[in-house]
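Data first, discussion second: the structure below is written as structure tokens.
The values are calculated or read from the model by the stated rules, or taken from the named source; none is laboratory data. Treat the numbers as computed from the prediction; the structure is a model and nothing was measured. For neighbour counting, all protein chains shown are included, and Cβ atoms are generated from backbone atoms with ideal geometry for every residue, glycine included.
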Amino acid sequence: MLTVQQLSKRIDRQTVLDAIDFSVRPGEIIALVGRNGAGKTTLLRTMVGIIRPDTGDVRYGPSSIFEKAELKRDVIFVPDSADALKHYTVNEAMDLYASIYPSFDRAAFTETLTRYNIGNKKIRQLSKGQKAMVTLSLAFAVKASYYLLDEPTDGLDVVAKADVLKLMIAQVEARNCSIIVSSHQLHELERIADRIIMIEKGRVKAIMSLEEARESSVKLQVVFNDQVPVELLERKDIEIINVTGRVVLFMAKERTQELDTFVDAHDPMLVEEIPMSLEDIFRVQLGGEASVI
Amino acid sequence: MSFNVLLKKDWKQVSLLWILLVFLGIVAYTLPVWTQMQSFDEQVQDIQMNPDKYAEWFNGDASNASVEELFNPQYSYWIGDLQTLIPYGGVIFLYIIFGFLMASVLIGSERNSQMSDFAMSLPFNRNQLYISKWLIGTSGIVVSTLLGGPLMLWMIHASRYSFLIEGHSLKVAALVGFMLLTGIAVFSLALWMGSFGGEAISQVLWSVVALLFPVGILLLIQGSVISFTQNTERVYSVFERAIESVFLRVISPLANVINVDTYNLYTDNSVWQEFLAVAPLSVLAFIVLSFGLGLLTFNRAPQENNGRFFMFSNWLWFVHLMMVLCFAMLGGIILANIAYSTNSILYVIGFLIGGFLAHLLAKRLLYRFNLQLKS
């Protein structure tokens, strides 16, 4: 099991990671969500030993990843661009990976390339989607147990995104590996993630399954007999999404008895609970700015 | 999983420079020898064709003198000697340029791109990453010397000027060995500076500073002291001793290079003995020192500061202080020497102006520019 223990890091006198603590179970996909600058990329870079934490540790089984570099044969980091390999051809990159990772499966890699019709070009000459497929396929061909993916679908078109997601799901199903994926594409994460880690200003705000997340907050559409009460619009604990005549759509960070009583007290004609998407949860928990296509 | 993988990865980055270094190394060793011999040929031909013109320098017998006799130091006419054939400065200059370039491609350019993150995420520790880079760079210098040095020796031995090297082959070989070690030392220094500069250009800048600093700071202090004293001879002698000291030669490859007396190396046995005793060992000690410190700082370099002008943010105050001090002293020396005799009041004014300008520069470079460069 991969365990992150009390990981803290300060950069330029600012706390970027603050006592981050969680573990990754085999075969699960964890979505790492948070606003820009929340510390997601720093967390992933620290988890694989690129950045040294001020305190805390990342342990793979009984050993620290900072002390035993060879553990990184089983924990693969895929950054958000393929810049590192841009001077390599696809085959050179395959040879490089095969010589670094004894478990690298050339057949699996070439099969993926054939499936997506990617030739042996210099990686910098590939399209953005192809680059993403190559870097992910290289990583998955290693047959590692843990993958840390930093915004793997960022900037990809709809088809390429779907391909990347398919590839991720196929790996988890076939090998029971674990994936931690940071992304702003919340509607995609929603389809694949088992758990969500919400990061806010370097701290873990919540770790929960999507069901738990959905239950913790509430999205209501209320139709009042008269106009929408001003007291409701002025409440600080809710986020008004839309007001149309006597109809109001809002989200509350927490589902409370007090809110239910408050709504009932204003004699609503209809109260309907709307299913919350991950984007809704993100907005209400972390304050919005979700980038969703 | 083999260490060779890292060598291959680094080779991919630096192969063009490496091949260029080997080629230019051969050129730097051999071309000056060839052109110098051409110059000898022209002079010898001119003497033989116009013996009367040179009679007074050759005691009247220039027409009958053999080529070897024309080079005899007993004559007052000097055509050249072994020292003029050996391209000592040129080769070392090449090693400095390519040492800096290769080191900045191996570390600085990696920091500019995501290659550094990629390398750090591989199942290798930072010591292995650093050693691989050091081996690749060093091998280029070794190969260029192993090809260029013997070719140069062969060219001299095979020429009609071979008498110049007779009995001195070992000394020339030792000098070539010293040039090789100096090349490795400069490269090791530049690679070490890769832990301070957060990208390629700043790494080259820090390498230049580190190369010049030990000798430079001594000269600045010497110039400053002279501005306040009348007893300049004593000051010169103290600083001359300091520059020639073994300590400075150990901590500065540049001091080591300028302290080798190539003019008298082949003729004065005491110079040869002194060279053998100090120069190679000092440069070896520097290689060990810079390699060890390079490993240490590469391990500790904060990867999150990649792209910055100076990686160790906690030491910015010290760098700032040193910049102000050095430029203040330089300003003082320049202004003090404007007057016919050195003037201590002008020194103080120059010191303040130089220090203030350096402070402004340091603020921009170390703080504002440092943050702008952050990746």
Quick one: B:Arg160 ticks every box in (1) over 23 Å from B:Leu17 (Cα atoms); (2) of a type in the set (Lys, Arg); (3) in a helix (DSSP H, G or I) except a single one, so which number is it? (3)
Filter result (outside any loop (DSSP other than H, G, I, E, B) and β-branched (Val, Ile, Thr)) within the stretch A:93-130: A:Ile100, A:Thr110, A:Thr112, A:Thr114, A:Ile123
Screening A:Asn225, A:Asn242 for residues that are farther than 30 Å from A:Glu28 by Cβ, outside the structural domain of A:Ile180 (by TED's automatic domain parsing) and in contact (Cβ under 8 Å) with a residue 40 or more places away in the chain leaves only A:Asn225
Which of the residues that make up the stretch A:51-65 are closer than 22 Å to A:Asp12 by Cα and crowded, with 21+ Cβ neighbours inside 10 Å? A:Ile51, A:Pro53
If A:Ile30 passes every condition in (1) away from chain B (no Cβ under 14 Å); (2) of a type in the set (A, V, I, L, M); (3) farther than 22 Å from A:Ile169 by Cβ but one, which one does it miss? (3)
If you go through the stretch B:260-270 one residue at a time, do you hit one that is part of a helix (DSSP H, G or I) and polar (S, T, N, Q)? yes
How many residues are more than 19 Å from B:Ile258 (Cβ to Cβ) and part of a helix (DSSP H, G or I) when one looks only at the stretch B:195-234? 15
Suppose we filter the stretch B:110-135 for residues that are surrounded by fewer than 23 Cβ atoms within 10 Å (Cβ to Cβ), more than 12 Å from chain A (Cβ to nearest Cβ) and not polar (S, T, N, Q); how many remain? 2
If you go through the stretch B:84-125 one residue at a time, how many are β-branched (Val, Ile, Thr) and not in a helix (DSSP H, G or I)? 1
For B:Gly216, indicate whether it is buried (at least 21 other Cβ atoms within 10 Å of the Cβ) and of a type outside the set (Asp, Glu). no
May I ask you to list the residues in the stretch B:274-294 that are closer than 18 Å to B:Met193 by Cα and among the small types (Gly, Ala, Ser)? B:Ala285, B:Ser290, B:Gly292, B:Gly294
Filtering the stretch A:75-132 down to residues that are among the β-branched types (Val, Ile, Thr), under 24 Å from A:Ala162 (Cβ atoms) and within 14 Å of chain B (Cβ to nearest Cβ) yields A:Ile76, A:Val78, A:Ile123
Unique match (being at pLDDT below 95, within 10 Å of chain B (Cβ to nearest Cβ) and either within 15 Å of the chain's Cα centre (by Cα) or more than 21 Å from B:Asn125 (Cα to Cα) (or both)) among A:Arg13, A:Arg25: A:Arg13
If you check A:Leu71 against the conditions, is it within 26 Å of A:Ser209 (Cα to Cα) and either within 11 Å of another protein chain (Cβ to nearest Cβ) or buried (at least 17 other Cβ atoms within 10 Å of the Cβ) (or both)? no
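Here's the yes/no breakdown for (1) closer than 30 Å to B:Ser116 by Cβ; (2) among the small types (Gly, Ala, Ser):
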position: B:Val5; (1), (2): yes, no
position: B:Leu17; (1), (2): yes, no
position: B:Tyr29; (1), (2): no, no
position: B:Ser39; (1), (2): no, yes
position: B:Glu56; (1), (2): no, no
position: B:Ile86; (1), (2): no, no
position: B:Gly89; (1), (2): no, yes
position: B:Leu94; (1), (2): yes, no
position: B:Gly99; (1), (2): yes, yes
